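Note sheet for the following structure.
The values are calculated or read from the model by the stated rules, or taken from the named source; none is laboratory data. These numbers come from a predicted model, not from an experiment. All Cβ positions, glycine included, derive from the backbone under ideal geometry; neighbour counts span all protein chains shown. Protein only, heavy atoms only, side chains kept; ligands, DNA and RNA dropped before computing areas. Shrake-Rupley method; radii C 1.70, N 1.55, O 1.52, S 1.80 Å.
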Amino acid sequence: VTINGSFLQGYFKRGLTHLEVGEYEKAAADFSKSAEINPAFLEAVFNRGLSFFRKGDYQKAISDFDAVVKLDPENARAFFQRGMAIAALQQHKKAIMDYDTAISLEPAYTLAYYHRGLSYFARQEYREAIEEFKKANRLNPEFSNSHFECGRSYVALHESEKAIEEFATALESD
């Protein structure tokens, strides 16, 4: 990575490789170098946030995703990832707001519906969770996790037959 003094892409690509193999601290360091070379390179800041998230440092992840959405308020992925980090801190009401924004920016964002459902489930708002899981299922019928979580929501509501149907669909999709 030491060819000519400002190797933004070299640090960035090496960071992606570290991220892929689970070397999160090394990934964050390389993404930091890329962002230092070009502070407007938001993809480096975003991926540093992913590195922090995967390492379990949710506050640092949130800080990076905050920086991305501040400069790129149309970035659905950044809102989604910030929502994931916020949810990891058990702040589900706040996470739902970020999932809402991600979905408003990208209406076919299956994972945003799914994770919004998980946050509703964590808040024991099972009917809302079911609606989100069903939206994710409509977007991707083969997404077995969504069927499984929908089934868990029905169990929480003591609706066994519907739960069994969802679990069966999850097993068929897997």
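Could you grab me the full set of residues in the range 141-167 that are open to solvent by 40 Å² or more (accessible area, probe 1.4 Å) and either part of a helix (DSSP H, G or I) or at pLDDT below 95 (or both)?
Within the range 141-167, Pro141, Glu142, Asn145, Phe148, Arg152, Val155, Ser160, Glu161, Lys162, Ile164, Glu165, Phe167 qualify.
Can you find a residue that is closer than 30 Å to Asp57 by Cβ and in contact with an Asp or Glu (Cβ under 9 Å, 6 or more places away or on another chain) anywhere in the range 153-166?
No - not one qualifying residue is present in the range 153-166.
Just to check your reading of the model, which residue among Phe46, Phe41 is more than 29 Å from Arg116 (Cβ to Cβ) and among the hydrophobic types (A, V, I, L, M, F, W, C)?
After ruling out the rest, the residue left standing is Phe41.
Given the condition without any contact (Cβ under 8 Å) to a residue 40 or more places away in the chain, in a helix (DSSP H, G or I) and either among the hydroxyl-bearing types (Ser, Thr, Tyr) or surrounded by fewer than 15 Cβ atoms within 10 Å (Cβ to Cβ) (or both), answer yes or no: does some residue in the range 44-53 qualify?
Within the range 44-53, one or more residues are without any contact (Cβ under 8 Å) to a residue 40 or more places away in the chain, in a helix (DSSP H, G or I) and either among the hydroxyl-bearing types (Ser, Thr, Tyr) or surrounded by fewer than 15 Cβ atoms within 10 Å (Cβ to Cβ) (or both).
Conditions tested, residue by residue: (1) hydrophobic (A, V, I, L, M, F, W, C); (2) closer than 20 Å to Gln90 by Cβ.
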site: Tyr109; (1), (2): no, no
site: Ala112; (1), (2): yes, yes
site: Gly117; (1), (2): no, yes
site: Phe121; (1), (2): yes, yes
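Read through the list (1) crowded, with 21+ Cβ neighbours inside 10 Å; (2) within 23 Å of Asp98 (Cα to Cα), then give the number of the only condition that Ala27 fails.
(2)
Output the residue which, of all residues in the range 126-140 that are acidic (Asp, Glu) and open to solvent by 50 Å² or more (accessible area, probe 1.4 Å), is farthest from Ala88 (Cα to Cα).
Glu131
What are the pairs with Cβ atoms under 6 angstrom where one residue, in the range 87-100, is without any contact (Cβ under 8 Å) to a residue 60 or more places away in the chain and the other, located anywhere, is surrounded by fewer than 17 Cβ atoms within 10 Å (Cβ to Cβ)? Sequence gap at least six, or different chains.
Listed pairs, sorted by first residue: His92/Ala122; His92/Arg123.
Residues Leu118, Leu71, Leu50: which one is at pLDDT 95 or above and out of contact with any Leu (no Cβ under 7 Å at 6 or more places or on another chain)?
When all the criteria are applied, what remains is Leu118.
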